[in-house]
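Student: Okay, handing you the structure first.
The values are calculated or read from the model by the stated rules, or taken from the named source; none is laboratory data. Since we're looking at a predicted model, the values are computed, not measured. Counting neighbours? That spans all protein chains shown, and the Cβs are built from the backbone with ideal geometry, glycine included.
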Amino acid sequence: TPTAVASTIKAKNYIKTITYDNSQEDFVEKWLDQVFSEALQIRSDNKFTDEVPQRYEVPIIGFDCLKSATTLIFMNLKSNKYEIIDRPGPRSCPIHIIVKSTENSIHLKFIDAKNYVSADMELDDFLRDIGKVEPCESLIKESWLLLSAIDNRIKDYTDYHIDLLQNASLAKLSCLKKYAYCYKNFNISSCYNPEDKANPFDLSMRYWKSKVNSYNEQDKRKKRRIDHNITYDDYQHFHDVFLTQRCHMCQARFTYNNKPTLDRIVNEKSHTKINVLPCCPYCNNLPMTISNQEVYDSLRNDMRNIKISDCAIRKPYLRIASQLNQKRRDVNAQHHYKWLTLQQIIQNMDYIHVTDDDTDSLCLAIAH
């Protein structure tokens, strides 16, 4: 049974500590009442100035706290004003706990600071190594010291544009930090394709006829006009294009290992001569436009502290660093973008750079 609880609250314009103990009746509920009351101010401080959708989860961070938080909430909560709406992970060690108030839209998200350090680290070591402070016996003062240590841990990732509180996994944070190093000197205008030493692709009439027929069939199925489509007579023009030009997206050469295709500039129009550009099959298979409103809304709802225009989200520009593995090539447009959202690494949809067959983490990183 808990005997006391103390919390230090850091708002935009103040820091204060609250404490309750078993000398007060229903002290857990009184503590939770005040925490929810303070959370209203935290939400106001963190509210976006524009109309980007926002979740109202206010983080409550402790050290090795989720077992005690579970005890506090499950065993001692008698009020109907609060309910637990999310508790992922094993019963003995949840990843986080989200408590909702039935009186407003505030959600409290209980997070364990041990998610961000090695599993065997104790509180005293956390305060000394991360907080650069000495532990003490006072519950109230220890709450202040813990806040200092958590602030330091947040600052450790700020320089890499990583939101610590949205990534409750040390492995995931390490992965994101790795990509931050990778893209520190990344140049979107450079070509990072390994040079293909295979023979240049020499377009044959037989291959060209099969492509023309295939594109006509595609347009017919989509009920697009084909009277101005490319024809057999355009063979010599595209023969020269494929020999002298590269993929318009990734700048890869066209070889017998990387045969050319034609990518439509405006997806609503047919495969006309003025509406196509040479493109390698890997780039051409990637979704270039989010046409499904549900997928688009899902992306928007998961944006955090990002100011992105609708145009930037609907028409992202993809530059491919190397050939994608088959698993990525087989992903369709909806699943591809939902997967990006779940990874929560979208910082700017203007430029997305696909990394080289990183099958251990399967992350996409963002290049500026």
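Student: Among the residues of the range 149-164, are any small (Gly, Ala, Ser), part of a strand (DSSP E or B) and buried (at least 17 other Cβ atoms within 10 Å of the Cβ)?
Tutor: There is no residue in the range 149-164 that is small (Gly, Ala, Ser), part of a strand (DSSP E or B) and buried (at least 17 other Cβ atoms within 10 Å of the Cβ).
Student: Of all the residues that make up the range 115-132, how many are buried (at least 17 other Cβ atoms within 10 Å of the Cβ) and either in a loop (DSSP other than H, G, I, E, B) or in contact with a strand residue (DSSP E or B) (Cβ under 9 Å, 6 or more places away or on another chain) (or both)? Talk me through it step by step, then tell me what you get.
Tutor: Taking the range 115-132 first, the residues buried (at least 17 other Cβ atoms within 10 Å of the Cβ) are 115-117, 123, 126-127, 130-131.
Among the residues that remain, those that are also either in a loop (DSSP other than H, G, I, E, B) or in contact with a strand residue (DSSP E or B) (Cβ under 9 Å, 6 or more places away or on another chain) (or both) are: 115, 117, 130-131.
Summing the residues that are buried (at least 17 other Cβ atoms within 10 Å of the Cβ) and either in a loop (DSSP other than H, G, I, E, B) or in contact with a strand residue (DSSP E or B) (Cβ under 9 Å, 6 or more places away or on another chain) (or both) in the range 115-132 gives 4.
Student: Between a first residue in the range 84-104 that is more than 17 Å from Trp31 (Cα to Cα) and a second residue that is exposed (fewer than 15 other Cβ atoms within 10 Å of the Cβ) and small (Gly, Ala, Ser), which pairs have beta carbons less than 6 Å apart while being 6 or more apart in sequence or on different chains?
Tutor: From residues that are more than 17 Å from Trp31 (Cα to Cα), the pairs are Ile95/Gly89.
Student: Starting from the range 240-255, keep only residues that are of a type in the set (Ser, Thr, Tyr), then list their pairs with residues that are in a loop (DSSP other than H, G, I, E, B) and surrounded by 15 or more Cβ atoms within 10 Å (Cβ to Cβ) whose Cβ atoms are within a distance under 9 Å, requiring at least 6 positions of separation or different chains.
Tutor: Thr255/Asp196; Thr255/Phe201
Student: Right, next: Of the residues that make up the range 226-249, is at least one more than 15 Å from Leu203 (Cβ to Cβ), under 31 Å from the mean Cα position of the chain (by Cα) and modelled with pLDDT under 80?
Tutor: no
Student: For residues that are at pLDDT 85 or above and aromatic (Phe, Trp, Tyr), tally how many sit in the range 28-60.
Tutor: 2
Student: Oh, and also: Check whether at least one residue in the range 89-106 is loosely packed, with under 14 Cβ neighbours inside 10 Å, among the charged types (D, E, K, R) and not in a loop (DSSP other than H, G, I, E, B), and report yes or no.
Tutor: Scanning the range 89-106, I find no residue that is loosely packed, with under 14 Cβ neighbours inside 10 Å, among the charged types (D, E, K, R) and not in a loop (DSSP other than H, G, I, E, B), so the answer is no.
Student: When you scan the range 9-38, how many residues do you find that are part of a strand (DSSP E or B) and in contact with a Lys or Arg (Cβ under 7 Å, 6 or more places away or on another chain)?
Tutor: First, the residues of the range 9-38 that are part of a strand (DSSP E or B): 9-10, 15-21.
Next, from what is left, pick out any that are in contact with a Lys or Arg (Cβ under 7 Å, 6 or more places away or on another chain): 9, 20.
Adding up the residues that qualify gives 2.
Student: Separate question: Inside the range 128-171, can you point out the residues that are at positive phi and in contact (Cβ under 8 Å) with a residue 40 or more places away in the chain?
Tutor: So the first thing to find is which residues in the range 128-171 are at positive phi, and the list is 132, 161.
His161 - this is the single residue of the range 128-171 that is at positive phi and in contact (Cβ under 8 Å) with a residue 40 or more places away in the chain.
Student: Quick one: how many residues across the range 225-280 are exposed (fewer than 13 other Cβ atoms within 10 Å of the Cβ) and of a type in the set (Lys, Arg)?
Tutor: Qualifying residue count, the range 225-280: 1.
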